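**Student:** Dumping the structure here so I can ask a few things about it.
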Amino acid sequence: MDNSLICSSKQTDPFGELKIFAGRASRELGAALCAEIGIGLAKSETKIFSEGNVFVRVLENVRGRDVFVIQGTEFPVNDNFVELLFWIDALKRASAAQVTAVIPFFSYAKGDKKDEPRVSIRARVCADAIEAAGADRVLTMDLHSPQIQGFFKVPVDHLYAMPVLVDYFRKKQIPDLVVASPDVGFGKQAYKFANMLRAPVVIGNKSRQDHNERAEVLDIIGEVQGKNVLIVDDFTISGGTLIEMALSCKARGAKDIYACVSHGVLTKGSVARIAASPIKELVMTDTIGFRYEPLSSNVKVVSVAPLFADAILSIHRRESVSRLFNMDGVPS
């Protein structure tokens, strides 16, 4: 047989064989996006020893492969973050050609600045650790502050859940809709949501006195009386900000209140609070696999697996990831 034919049959992928692994935090999302791509999730194992020591092992040959490891950093945050570092290290030591850390939810992104004396810029410390472990690039979604990409020296591909969430609400065809941001900080993204839904925007004036995760909405800039309201934010931990904004809108004569977030952390007790709140429906994505308690009937989950699958294939094929969006984050 012609040796060139043998070589060409083996060289089916000009960029090296694609391998996708998932840590404990993101098994379900990893399996879902692999199903979108049409490949199986690569074999691996994680063990937690009795004193809490984390052990990871790659169970497939990754030498010369293009490898992606999916591991979010939700609860338990520190355990999951350290596990991510160990996966990166294990894959690099196993001679993977390129290792991309896929972090659906980067919890420490909230620590993006030194806004008090003698505090750590936690997101920067985590970025340094990910690079030191050997990651060649990072793929993540809806960082709390997009400028966190600048904390990394390796390339960072930053996805947005907005198109998936907008598509969900566009299909509902809610009349008299206004889009609401709980604070000025998310206002820019709220305007993008509103542009895609062809709706006006209102902005909340939120105050947070300390680190007790409780927020108070002092005022609303814009008109909500007689309107259906969609509150948008990047994440919710206790549901407090969303609920306060919903109560403020209701007090000003709003009709039905909806909400959507990219990352639904939802700590203990938050599901019950949301169920008892004026929020008719809260929609979030599947970036977070861990749940403290079952979701209530007014909480829905939509999948971003197809979006991550597209991004992974684009990176693997050396194509632009930004082609998935135009400048406003709208699907092109």
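The values are calculated or read from the model by the stated rules, or taken from the named source; none is laboratory data. These numbers were taken from a predicted model, which means no experiment stands behind them. Cβ: placed from backbone, ideal geometry, glycine included. Neighbour counts: every protein chain shown.
**Student:** Can you list the helices (runs of 4 or more DSSP H) lying wholly within the range 221-332 that have 3 or more residues being free of Cβ contacts under 8 Å to residues at least 40 places away in the same chain?
**Tutor:** 240-251, 270-275
**Student:** Would you confirm, using the coordinates I've provided, whether ILE121 is out of contact with any Phe, Trp or Tyr (no Cβ under 9 Å at 6 or more places or on another chain) and surrounded by 14 or more Cβ atoms within 10 Å (Cβ to Cβ)?
**Tutor:** no
**Student:** To continue, here is another question. Can you confirm whether VAL154 is surrounded by fewer than 20 Cβ atoms within 10 Å (Cβ to Cβ) and either farther than 30 Å from GLU319 by Cβ or among the aliphatic types (A, V, I, L, M) (or both)?
**Tutor:** For VAL154, the condition - surrounded by fewer than 20 Cβ atoms within 10 Å (Cβ to Cβ) and either farther than 30 Å from GLU319 by Cβ or among the aliphatic types (A, V, I, L, M) (or both) - is met.
**Student:** Does the range 164-186 hold any residues that are within 26 Å of PRO146 (Cβ to Cβ) and in a helix (DSSP H, G or I), and which are they?
**Tutor:** VAL164, LEU165, VAL166, ASP167, TYR168, PHE169, ARG170, VAL184, GLY185, PHE186, listed by residue number.
**Student:** A further question on this structure: Of all residues in the range 82-103, which are within 27 Å of THR267 (Cα to Cα) and either at pLDDT below 95 or touching a Phe, Trp or Tyr at 6+ places or on another chain (Cβ under 7 Å) (or both)?
**Tutor:** TRP87, VAL102
**Student:** Mind counting the residues in the range 21-56 that are more than 24 Å from the chain's Cα centre (by Cα) and either aromatic (Phe, Trp, Tyr) or not assigned by TED's automatic domain parsing to the domain that holds ILE88 (or both)?
**Tutor:** Here the count works out to 2.
Per-residue answers, yes or no, for (1) surrounded by fewer than 17 Cβ atoms within 10 Å (Cβ to Cβ); (2) hydrophobic (A, V, I, L, M, F, W, C); (3) at pLDDT 95 or above; (4) out of contact with any Gly (no Cβ under 6 Å at 6 or more places or on another chain):
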| residue | (1), (2), (3), (4) |
| --- | --- |
| THR241 | no, no, no, yes |
| ALA259 | no, yes, yes, yes |
| ARG273 | yes, no, yes, no |
| SER277 | no, no, yes, yes |
| LYS280 | yes, no, yes, yes |
| ASP286 | no, no, yes, yes |
| VAL321 | no, yes, no, yes |
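**Student:** Quick one: is LEU84 touching a residue at least 60 places away in the same chain (Cβ under 8 Å), under 21 Å from PRO155 (Cα atoms) and either within 22 Å of the chain's Cα centre (by Cα) or not assigned by TED's automatic domain parsing to the domain that holds ILE315 (or both)?
**Tutor:** Answer is yes for this residue.
**Student:** Looking at (1) more than 28 Å from LEU41 (Cβ to Cβ); (2) under 13 Å from the mean Cα position of the chain (by Cα); (3) crowded, with 18+ Cβ neighbours inside 10 Å, find the lone condition where PHE106 falls short.
**Tutor:** (1)
**Student:** Hey, among the residues in the range 158-209 that are touching a Lys or Arg at 6+ places or on another chain (Cβ under 6 Å) and among the charged types (D, E, K, R), which one's surrounded by the fewest Cβ atoms within 10 Å (Cβ to Cβ)?
**Tutor:** Here the answer is ASP176.
**Student:** Read through the list (1) in the same structural domain as GLU83 (by TED's automatic domain parsing); (2) touching a Leu at 6+ places or on another chain (Cβ under 6 Å); (3) modelled with pLDDT of 90 or more, then give the number of the only condition that VAL179 fails.
**Tutor:** Among (1) in the same structural domain as GLU83 (by TED's automatic domain parsing); (2) touching a Leu at 6+ places or on another chain (Cβ under 6 Å); (3) modelled with pLDDT of 90 or more, the lone unmet condition for VAL179 is (1).
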